[in-house]
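Engineer: Got a structure for you, questions after.
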Amino acid sequence: TVDPGPHWIARFIDKKYIINVGNVDNFTYGGDKNPIYMLTKDENIVSVSVSVQYRINNPKDFLFNVVNPIMSLRQATASALRQVIGQSTL
């Protein structure tokens, strides 16, 4: 990571990745167009949707430590939501 200002990068040696760490991104899991149905603890079927907002705190970890960070976030959201709904009663 570098501070603001001019920096020279040799194109044949290095690549430059620009990540906006101040931006708040979001995605919706479920919703009107793609309803998600889940079973509750008392065996009722419910339609759920959740909106997740996230910010990238560490661009180095975001780019190089996870193969697909956005898909990982979506799968973690789905897993957490299913666990909460599965343990709840209607």
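The values are calculated or read from the model by the stated rules, or taken from the named source; none is laboratory data. For clarity, every value in this text was computed on a predicted model and none was experimentally measured. Backbone-built Cβ (ideal geometry, glycine too); neighbour counts: all protein chains shown. Note: areas computed on protein heavy atoms with side chains; ligands, DNA, RNA excluded. Shrake-Rupley method; radii C 1.70, N 1.55, O 1.52, S 1.80 Å.
Engineer: Which members of the stretch 24-46 meet the condition of being more than 16 Å from the chain's Cα centre (by Cα) and open to solvent by 90 Å² or more (accessible area, probe 1.4 Å)?
Structural biologist: Residues satisfying the conditions are 32, 33, 34, 37, 39, 41, 43, 45.
Engineer: Hey, another quick one. So which of 75, 87 ends up being in contact (Cβ under 8 Å) with a residue 40 or more places away in the chain and open to solvent by 100 Å² or more (accessible area, probe 1.4 Å)? So that I can check it myself, show each step before the final result.
Structural biologist: On the way: 75 fails: in contact (Cβ under 8 Å) with a residue 40 or more places away in the chain.
Matching residue, one of 75, 87: 87.
Engineer: Would you confirm, using the coordinates I've provided, whether residue 49 is touching a Lys or Arg at 6+ places or on another chain (Cβ under 7 Å), surrounded by 12 or more Cβ atoms within 10 Å (Cβ to Cβ) and either of a type in the set (D, E, K, R) or modelled with pLDDT of 90 or more (or both)?
Structural biologist: When the stated conditions are applied, residue 49 does not pass them.
Engineer: Got a sec? Which of 54, 17 is open to solvent by 70 Å² or more (accessible area, probe 1.4 Å), of a type outside the set (S, T, N, Q), free of Cβ contacts under 8 Å to residues at least 60 places away in the same chain and in contact with a helix residue (DSSP H, G or I) (Cβ under 7 Å, 6 or more places away or on another chain)?
Structural biologist: Answer to the check: 17.
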